[in-house]
Structures are given as structure tokens and as C-alpha cells.
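Peer 1: Below is the structure I would like to discuss, written out as C-alpha cells.
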């Protein structure tokens, strides 16, 4: 008969005081006394978990009949929880193995005395485990209340001394500089702050970067109190102040201000975003902007990022790309976002009105008597469902707050975000309903060309930026911008190229391109998918 000797302790400390060795010696002595062959399985693992590495190996060998029985020093070496009792009982039943505990064979399936002992010892082990947990938790609570211990991540500016956290005099100076320099007028982003810090610290701590600064500058622990949540309670741990309240509050105000600018830039819908490229270097152009709001819009412009990156590389070599094409564009090749959108929108519908493939689409639609109204019906349904989801999410958030799953601050923040999304959805829904009514009341047209003209005119007049962006996505692949300098009247001149997704072999050139009068000083090239180039040298006036 071959026996598996199973030895277990819960912690490394027990391992150090030879508890595993003692169990192993007793198991070997038992097997030699009874002339049993044996294999030893020992591990450091919690007794409340049945998914232990060595125990799993032992289990497989018992089921495969490589072992005939199992020996362990005491019931609590195997069992510390009810779930483990069920697991072990099932293992014995399926493997038909023998069980030896305290140098005695135990029949936990048939013998009433052994069954009672097995269940009673398992119950006692569970009680002891819970008692140990309670003592440990109570002890930890007392130590936390007395500020004798710290649990959590030690941030930059602090260090751990024994089990407490204290201010690191050297690194705390760096944190002070992060807060103070962020308030400089020249610093308008976390990236700017990294550049600024690198001017002073030639070997800047690698943990200081754009991502980490966004957390560091908002972390209230630098005011000296660490709010530690443990076992359903919150403890205020005094870790030492690095930043005073006034500086911290000013930093939060600036973060909110800059976030508002960035939020406006990212949350707004730009119908050409992601499609505008610098014609000099073929890299995507970025959107930047600021200044005062005009006609409900803050001034924004597309610009070639190459020169900006060259400046940035001087401060941070992480952004250097040896394969990057150096752009020779003048003045960062800037152009107004909204002026460019207006130009492209005009040109697009002029092209669509002359496109043979578009005409063919409308001819088929007219012949089949199709009514293109489902698009708006789907959008109406989608936005109405969004409003229903808002109400459900609002109720869920309030329920979590009442049940104590989230804090008051998180609840207020989430409700505020939901309310903003709700208002935006309501606004979009009103626009969609208006557009839907226009399409619903379209008069009967004489032929497909009349239908195309009516439809294009309605699409051209659409106000929803989301719908405009969808139309742009459907027909335009890329927009190339080239700043050509100023003329004798100091007027900016541009060349703009459009790469279209229209599959025409050629575009109908019988009619002149329709352009608004104020756009009379730039050349426009239109490229279709087969790279055929059709040029128009009507100049667009841009300021």
C-alpha cells in the first residue's frame, strides 16, 4: 500500500519553526511502522481553500489509483472550512482511499464515531479560524486607530519606516515643486510640467510623468492625512504634510479649468476630426485652440504637429522617433477648424451633385420607389432608448448610495455626469425630430434627379453635427491642407485636397464648382478612389 503524506502550514512563519518538518517526520514514522510506501506532499497554504497546489496533485494521484490512502497529522491540516469538508468527503468517496489521522485509520463514510469526529473537528477548526480572524482584525483596528501601522501604496514623497509611513525629506521637495510649478502661467498641461521639471532635475525620477502627475496633483494625502478604508471602516492615518491647503486648492482650481478647456476640445464634435492631414509631411493634423467664444464656438484650428514635436523632443527624449518625417511646413500649417469644415461641406455637396455614381444610386432608389426615412426612425428609437437607460442608471446609482456601496461624493459626481449626458441626448433628440419631420413631409418629386436635388439640399441644411460627421465619413477619406503663404495683400492662401470615397471613373465637369462668394482665394483638388485628380483653381479667401 502506498500512502500520500500531506503536510500543511498557513504561513511562512510556521514553516520557519519546522512545523512542516515535524509533520513530515511523524508521517514517515507512521508509514515505516506499518510497512507502507509513501510520497510526501507539503505546502504553505490557507486551510480554508481547497484549491491548493500540492493537494490538487495528491487528489489526482488518489483518483488515478497511484496512491491508496492519505495521512495527515490532524484534522485541521486538511480542514478549516465547511467547503473543504465537502470537498474532502467527496474525494474519499470517489477515490475509495483510506484516511489516516492521528496514527489511526478513519472511516468518514460508514463509521458513526469517525463521522462524528470528522464533522466535530471540522466545526471546531472553522470556529478557531474565525476566532483567529477576529483577533487579527481587532488587533489591526487598534493599531490603525493608534496610527502604528500603514497599509497601502507608499507614494512619491513618503517612505516606510518599519510599519509606519513618514515624509521622505528628499523626495518631498520634488512633490512640492510639482505643485508649485504647475501653477506657473507657462504650464498649461501635465506635459508642460514634465518639461519644466526636467529643466531643474536633470535626472528626474522616472515615476514622474504625464500619467502619474494627473494622480499626484489630485492626491489629498499630500495634505498629511491618508484616508484608509479597511474592513468596512475608514481610518485617518497621519502621514505628515507636504503641501499646504492653499497651494493644493489652487492646483485643483487650475486642473478644473484646464480640464474644462480639454473637455470642450474632446467632447465637441468636429466633423473632419481624424481626416485632416498636412500635405507637406502626410501626418495627421491636431486640433488646438482657445481664446474667447464667438457665435457659441471657441476658436479652434488644425495644425501640423511636427514642429511642436520637435520642440517637445528637446525636453523629453521619450518622444523622439528617428523614422519620423521632418515637416517643412511654414507656421505649423494652421487652418481654422470651422472655416475648413464650411469649405469642405460646400465642396462635398457640389461634388455629390455632379457625381454619376450618386445619380445612379438615386435612379435605382426612384425606380424601386424607396423612401429614405428609416435612418431617422432608427435614430429616434436609439435616443429614446438612451433616455430610458438614463432613468435606470440614475435609480441604480441612488440605490448604491443608499446601500453604502458608493460615497456621497461619488454619487454626486456620477449623477452630474448622467445629467450632462441626459441633456445632450434630449438636445440631439429635438434636432432629430425636426429633421425627421422635414423628411416625412417631402413632396412627391417628378423624377430621380429632382429627388436627388431635394435630398442633397436637405442633407446640406442638416444642423446635427453627428449627422454631418456620418455624411463626411461616408464620402470623404482624407483632407490634405497646404499653407501657401500670404499674397501681396497679406491674405493667407491654401491648397486643399480631398480624397473621396466615390467610385466614379470621372466626375461631371460640365458645371462650374459651386462655391460661396467669400471663399475666393485658394485652389482645391478633388481625388477620387482611383487617384484621379480633378483640379479647380478657384481661390478661397481665409483669414
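The values are calculated or read from the model by the stated rules, or taken from the named source; none is laboratory data. None of these values were measured; they are calculated from a predicted model. Positions of Cβ are generated from backbone atoms using ideal geometry, with glycine treated the same way; all protein chains shown enter the neighbour counts.
Peer 1: When you look at residue 356, is it under 23 Å from residue 471 (Cα atoms) and at pLDDT below 75, yes or no?
Peer 2: Criteria not met by residue 356.
Peer 1: Report yes if residue 15 is modelled with pLDDT of 80 or more, in the same structural domain as residue 101 (by TED's automatic domain parsing) and either under 23 Å from residue 115 (Cβ atoms) or surrounded by fewer than 19 Cβ atoms within 10 Å (Cβ to Cβ) (or both), otherwise no. Quick ask: steps written out before the conclusion?
Peer 2: On the way: modelled with pLDDT of 80 or more: no; in the same structural domain as residue 101 (by TED's automatic domain parsing): yes; either under 23 Å from residue 115 (Cβ atoms) or surrounded by fewer than 19 Cβ atoms within 10 Å (Cβ to Cβ) (or both): yes.
Answer is no for this residue.
Here is a yes/no grid of residues against (1) touching a residue at least 24 places away in the same chain (Cβ under 8 Å); (2) in the same structural domain as residue 250 (by TED's automatic domain parsing); (3) in contact with a strand residue (DSSP E or B) (Cβ under 9 Å, 6 or more places away or on another chain); (4) not in a helix (DSSP H, G or I):
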residue	(1), (2), (3), (4)
153	no, no, no, yes
171	yes, yes, yes, no
178	yes, yes, no, no
185	no, yes, no, yes
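Peer 1: Quick one: which of 54, 65 is exposed (fewer than 13 other Cβ atoms within 10 Å of the Cβ) and more than 23 Å from residue 133 (Cβ to Cβ)? Working first, answer last.
Peer 2: Working: 54 fails: exposed (fewer than 13 other Cβ atoms within 10 Å of the Cβ).
Unique residue meeting the criteria: 65.
Peer 1: Go through 34, 60 for me and flag whichever is under 47 Å from the mean Cα position of the chain (by Cα), without any contact (Cβ under 8 Å) to a residue 40 or more places away in the chain and on the phi < 0 side of the Ramachandran plot. Don't jump to the end; show me each part of the working.
Peer 2: Details: 34 fails: under 47 Å from the mean Cα position of the chain (by Cα).
The conditions single out 60.
Matching residues to (1) touching a helix residue (DSSP H, G or I) at 6+ places or on another chain (Cβ under 9 Å); (2) in a helix (DSSP H, G or I); (3) at pLDDT below 75; (4) under 23 Å from residue 384 (Cβ atoms):
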| site | (1), (2), (3), (4) |
| --- | --- |
| 421 | yes, yes, no, yes |
| 426 | yes, yes, no, yes |
| 432 | yes, yes, no, yes |
| 439 | yes, yes, yes, yes |
| 446 | no, no, yes, no |
| 452 | yes, yes, yes, no |
| 455 | yes, yes, no, no |
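Peer 1: Follow-up. Can you find even one residue in the stretch 250-273 that is more than 30 Å from residue 328 (Cα to Cα), at pLDDT below 85, assigned to a strand (DSSP E or B) and out of contact with any helix residue (DSSP H, G or I) (no Cβ under 9 Å at 6 or more places or on another chain)?
Peer 2: no
Peer 1: Sticking with this structure for a sec: Out of 87, 6, report the one residue that is outside any helix (DSSP H, G or I) and either in the same structural domain as residue 133 (by TED's automatic domain parsing) or over 29 Å from residue 133 (Cα atoms) (or both). Let's see the steps before the verdict.
Peer 2: Working: 87 fails: outside any helix (DSSP H, G or I).
On inspection, the qualifying residue turns out to be 6.
Peer 1: Picking from 206, 221, which residue would you name as being over 21 Å from the mean Cα position of the chain (by Cα), surrounded by 12 or more Cβ atoms within 10 Å (Cβ to Cβ) and either free of Cβ contacts under 8 Å to residues at least 12 places away in the same chain or not in a loop (DSSP other than H, G, I, E, B) (or both)? Lay out the reasoning, then the answer.
Peer 2: Details: 206 fails: surrounded by 12 or more Cβ atoms within 10 Å (Cβ to Cβ).
Exactly one of 206, 221 is over 21 Å from the mean Cα position of the chain (by Cα), surrounded by 12 or more Cβ atoms within 10 Å (Cβ to Cβ) and either free of Cβ contacts under 8 Å to residues at least 12 places away in the same chain or not in a loop (DSSP other than H, G, I, E, B) (or both), namely 221.
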